[in-house]
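The values are calculated or read from the model by the stated rules, or taken from the named source; none is laboratory data. Predicted model only: the values in this text are computed from it and were never measured. Positions of Cβ are generated from backbone atoms using ideal geometry, with glycine treated the same way; all protein chains shown enter the neighbour counts. Surface areas here come from the heavy atoms of the whole protein model, side chains and all, with no ligands, DNA or RNA. Shrake-Rupley method; radii C 1.70, N 1.55, O 1.52, S 1.80 Å.
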Amino acid sequence: MDSSEAVQDTRERMRRIIINYLDSQDIHYQDTNFDKLEEIGIDSLGMLDVIFEIEGEFGVQTGEIDSEVLEKITTFDGLVELVESLKA
Amino acid sequence: MADVSNAVAITGMGVISPIGNGVEQFWQASVAGRSGIRKIERFDVSKFACKVGAQIDGLENSPYYKNSWKALDLSGAMALTAASEAMAQAKVDQGHENSRRFGIFIGTGTGSITTHEASVCKVVAGERLHPLSILRAMPNASLLELVSHCGFGGPSATFSAACTSSSHAIGEAFKAMQADRADLILAGGTDAPLSGPLYAAWSAMRVMSNWSGDPAGACRPFSKDRSGLVLGEGAAFVVLEKIEHARNRGVEPLGYVVGYSSNTTFEHSTRPSVEPEQIVMQAAMNDAGITPEEVAYIYAHGTGTKANDGTETQAIKAAFGDTLAYKLAVSSPKSCYGHTLGACGAFGCVTTVLGLRHRIAVPTMNLAEPDPECDLNYVPGEAQSLPEGDYALVNAFGFGGSNATLVISA
């Protein structure tokens, strides 16, 4: 799997995690690109849950998340970037 | 006719209980003396002398009990379900414009201990803990969820004083409204003590029934052959509201909290004592501005332990005098649904409101041969009409020496 395929794979797996989370919370969503996570109902506590699932899915450890990182991961792309950096 | 000039109205009630979910089912089962006590199958009880408990059924599909990050344990799910029933009956909307004057007071003896136990098991097994484990396991976890669910921004608190917890929650809510700290408070209690480790701890304390016959007979308050309490799980909530506030909303009160008192038996942390129990009942009646002659019924603490039932009987005689004490109806429905610990005072509140409205004293079951020391009218075996009197007391006495009595009218 080359790097672009790996990123695409990460995006797909994370998309599943987010959809599972939204379903579990009965949050109805329409914007399937999930650009702004907070806007579709994933608040800071919800983000902790999503990150917990991501750690399990990808076998990574996020540790303490500083505010700079937290700002980035309010978007789906920012979250993908975080996971890719942790995988590396 | 009861004087309710200093009272707080009860405008909604909700119950999740081992004898039925919802106030109506609970009341019908209470009047009929139906038992919710059965052999425990949730965990292995083979090593314990007591093998029964009063479990909740029917919450599996509750919207508050699902397998998600906000998943509540049974204690929280029962609280939300019972509270929702009470709110619906009181016609209280979420996000009400006056919600900064609405509060929530919860009583719980064991809180979210089952969630804490599960976390400990994961740590021991080397598994990761969910990042929200603290929020789920802290003693006020149910309050956190209720506050979020109801959108109430007034005073809120969790009371944890063993078996008196929800009596304090209701009583202190009553006092908070008398002091004009709130217009409406959702108050009640929840407890889910039927987990393996907690059950083992209760068993080790040797206060549980060792009855080996039909589980329905295991809790035998005031009976000569009583051998201890039976643990039960459940939640009960009432919406307390200033009378004027209820009137302005066009909501008819179901009943009233008219008095409350609490004190402490400091001499011993678990052994009950007549004098403080007598004093707390008298102080609650004084707080209500009523005389013992005006009381028709006492929802007894009546746990079925040797220590409690005799002491409570003596305390009632001391508080009411020998003549009046024998005219009262005194009962312990714990014989049907066990001891719900921190929720039991709220169960008593709901039961007495309904009892006064219907003029019925619910029965104490399993009382074929009373203890000679327990010689009051405990309403044995079947419901009775209430004797004269517009008021009822709800007694609760807990470990740590905590005593509380509520005075209710309807």
Shape call for segment B:184-321 from the C-alpha gyration tensor, a ≥ b ≥ c root eigenvalues: rounded (a/c under 1.5), prolate (a/b greater than b/c) or oblate? oblate
Provide the FRET efficiency to the nearest 0.05 for the residue B:224-residue B:286 pair, computing r from the beta carbons and using R0 = 30 Å. 0.30
Counting heavy atoms of the protein chains only and a 1.4 Å probe, report the per residue accessible area for segment B:8-409 as a whole number of Å². 36 Å²
Between B:297, B:260, B:326, where does the largest GNM mean-square fluctuation fall for chain B, given springs only between Cα atoms within less than 10 Å? B:326
Enumerate the lysines that residue B:242 could reach by cross-link, defined here as Cα to Cα under 17 Å, with residues fewer than 8 away along the same chain left out. B:91, B:175
So who's got an amide H within less than 5 Å of the one on residue B:112, skipping anything under 5 residues away but keeping other chains? H placed 1.01 Å off N, in plane. B:141
Listed residue (B:27, B:152, B:112) projecting farthest to the positive dipole end of chain B, Cβ model: B:112
If you take the charge dipole of segment B:8-409 about its Cα centre, with +1 on Lys and Arg Cβ and -1 on Asp and Glu Cβ, which of B:196, B:399, B:18 is farthest toward its positive end? B:196
Students often forget the sequence filter, so: which lysines lie under 24 Å Cα-Cα from residue A:87 once same-chain residues fewer than 8 apart are removed? A:36, A:72
Whole-Hz ³J(HN,Hα) for each residue in segment B:105-120, computed from phi via Karplus 6.51 cos²θ - 1.76 cosθ + 1.60 with θ = phi - 60°, x for glycine and proline: what do you get? 10, 10, x, 8, x, 10, x, 9, 5, 5, 5, 5, 4, 5, 5, 4
In the B-A interface, the accessible area buried, summed over both sides, Å² (probe 1.4 Å): 1000 Å²
Taking +1 at the Cβ of each Lys and Arg and -1 at the Cβ of each Asp and Glu, which of B:72, B:377, B:132 sits farthest along the dipole of the protein assembly as shown towards its positive end, judged by Cα position relative to the Cα centre? B:377
Trypsin sites (Lys or Arg not before Pro) within segment B:100-166: which are DSSP loop residues with at most 16 other Cβ atoms inside 10 Å? B:128
How would you classify segment B:8-409 from its alpha-carbon gyration tensor, with a ≥ b ≥ c the square roots of the eigenvalues: rounded for a/c under 1.5, else prolate if a/b is greater than b/c, otherwise oblate? oblate
Along Cα→Cβ, 7 Å out, is where each label goes; now give me the distance between the ones at residue B:128 and residue A:28 in nm to one decimal. 3.2 nm
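Shape call for segment B:1-126 from the C-alpha gyration tensor, a ≥ b ≥ c root eigenvalues: rounded (a/c under 1.5), prolate (a/b greater than b/c) or oblate?
Since a/c reaches 1.5 but b/c is at least a/b, the shape of segment B:1-126 is classed as oblate.
When the accessible area of chain B is split by element with a 1.4 Å probe, what percent falls to carbon and sulfur?
The computed percentage sits at 51.
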Amide proton proximity set for residue B:156, modelled H, under 5 Å, gap of 5+: B:104
